[in-house]
Amino acid sequence: MALSSPSTGPGSPNPYHLLILLAVARTGRFSTAAESLGVNHTTVSRQIAALEKVLGGRTLARTVGGWELTDLGRRAARAAEDVETAVARINEGQKKEDKISGVVRISATDGFSAFIIAPAIAQLRRTHPNLSVEIVNVTRRALQHRSGLDLEVVVGEPQVHRAEAIRLGYYALGMYASHSYLHDFGTPTSNAELSKHRLVYFVDSMLQVDALDAPRRLVPEMLDSLSSTNVFVHVEATRAGAGIGFLPCFMADRHPDLVRLLPEDFHERLPYWMVLRPDSLRQAAVAAVAEALRRRTAAVEDALLGREPLN
């Protein structure tokens, strides 16, 4: 719904301008904020400039990923949340508003997105149908600037500033091969024998997560067979007999045509962490999504650690 600008006294922030700032803070982009408010990009830019003139400083700073709040901007955004709450109360007597609504944007790895986020959100939307979740699939370190993202899920403990990091749980990885591959090339029974086989894994030059370097560290003699930035490609390539894959157990154990190799020697255990902007958990929808991910991760702990197949 389009907003119209109310009048306000000299020297006081315009509540309309504060709500525009809040929209930019949540999306990280003027154009996206403008679309959500029903105005144009120029209006957003002009009103942010007017707000900064009244406040006497910059509320937003340009980063690689978009716009981030400055210290002054964070104080203004907290005031904007109070304005948003006050406006919502006007309609409380008319209808019960579901605060768990709107769009929540997540960055996460492929496997976590498919087997943790997707079922968690499906369950959450049964009681909150106005909630929408957007997922960007990447395997990387946590960002220092996460404009446009409400939360990230990363592998390995993040080193971040001005963010809240929550450990969700652990998952295990192991070496796997298909029955057909082992029939054709033999079953390795030691590290030395394993080194003669080809590896299916991430593209080494593009791997941004140090914690995922286990194959190159444990069996550096293994040459690459097929490499990809997508873990689903790892699984399917291993099933097709392209080589021996270093796979998340919760993904590989779902396939009866895959055999785990040398589990005592290759049992890497890595943590999933959730990273959020400091202000994100004050949004009901983001807090609900974060809690849903915590519950789902805890519920499938045994599968994540390779103790049982994931349902």
Do we find that VAL153 is in a strand (DSSP E or B), buried (at least 18 other Cβ atoms within 10 Å of the Cβ), under 10 Å from the mean Cα position of the chain (by Cα) and at pLDDT 90 or above in this structure? yes
Only residues that are under 18 Å from ASP150 (Cβ atoms) and over 22 Å from the mean Cα position of the chain (by Cα): list them for segment 38-73, please. LEU60, GLY73
Selected residue (only one of ARG58, ARG105, ARG26, ARG62 is charged (D, E, K, R), outside any helix (DSSP H, G or I) and surrounded by 16 or more Cβ atoms within 10 Å (Cβ to Cβ)): ARG105
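Quick grid of which residues meet (1) under 24 Å from LEU281 (Cβ atoms); (2) modelled with pLDDT of 85 or more; (3) among the aliphatic types (A, V, I, L, M):
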{"residue": "ALA2", "(1), (2), (3)": "no, no, yes"}
{"residue": "PRO6", "(1), (2), (3)": "no, no, no"}
{"residue": "THR59", "(1), (2), (3)": "yes, yes, no"}
{"residue": "GLY65", "(1), (2), (3)": "yes, no, no"}
{"residue": "ALA76", "(1), (2), (3)": "yes, yes, yes"}
{"residue": "ALA79", "(1), (2), (3)": "yes, yes, yes"}
Looking at the structure I just gave you, is ARG307 in contact with a strand residue (DSSP E or B) (Cβ under 9 Å, 6 or more places away or on another chain) and without any contact (Cβ under 8 Å) to a residue 60 or more places away in the chain? yes
Taking ARG239 as meeting all but one of (1) in contact with a helix residue (DSSP H, G or I) (Cβ under 6 Å, 6 or more places away or on another chain); (2) in contact (Cβ under 8 Å) with a residue 24 or more places away in the chain, write down the number of the exception. (1)
Which residue pairs have Cβ atoms closer than 6 Å, lie 6 or more positions apart in sequence or on different chains, and pair a first residue in segment 155-177 that is touching a residue at least 40 places away in the same chain (Cβ under 8 Å) with a second residue that is part of a loop (DSSP other than H, G, I, E, B) and aromatic (Phe, Trp, Tyr)? GLY174/PHE266; MET175/PHE266
Has segment 187-202 got any residue that is farther than 17 Å from LEU261 by Cα and either in contact (Cβ under 8 Å) with a residue 24 or more places away in the chain or surrounded by 15 or more Cβ atoms within 10 Å (Cβ to Cβ) (or both)? yes
At least 1 residues that are at pLDDT 95 or above and within 20 Å of ALA114 (Cβ to Cβ) in each: list the helices (runs of 4 or more DSSP H) lying fully within segment 208-269 that qualify. 231-239, 249-252
Among the residues of segment 29-55, write down those that are crowded, with 19+ Cβ neighbours inside 10 Å and assigned to a loop (DSSP other than H, G, I, E, B). VAL39
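The values are calculated or read from the model by the stated rules, or taken from the named source; none is laboratory data. Only a predicted model underlies this, so the values are computations on that prediction, with no experimental measurement involved. Note that each Cβ is placed from the backbone with ideal geometry, even for glycine, and that neighbours are counted across all protein chains shown.
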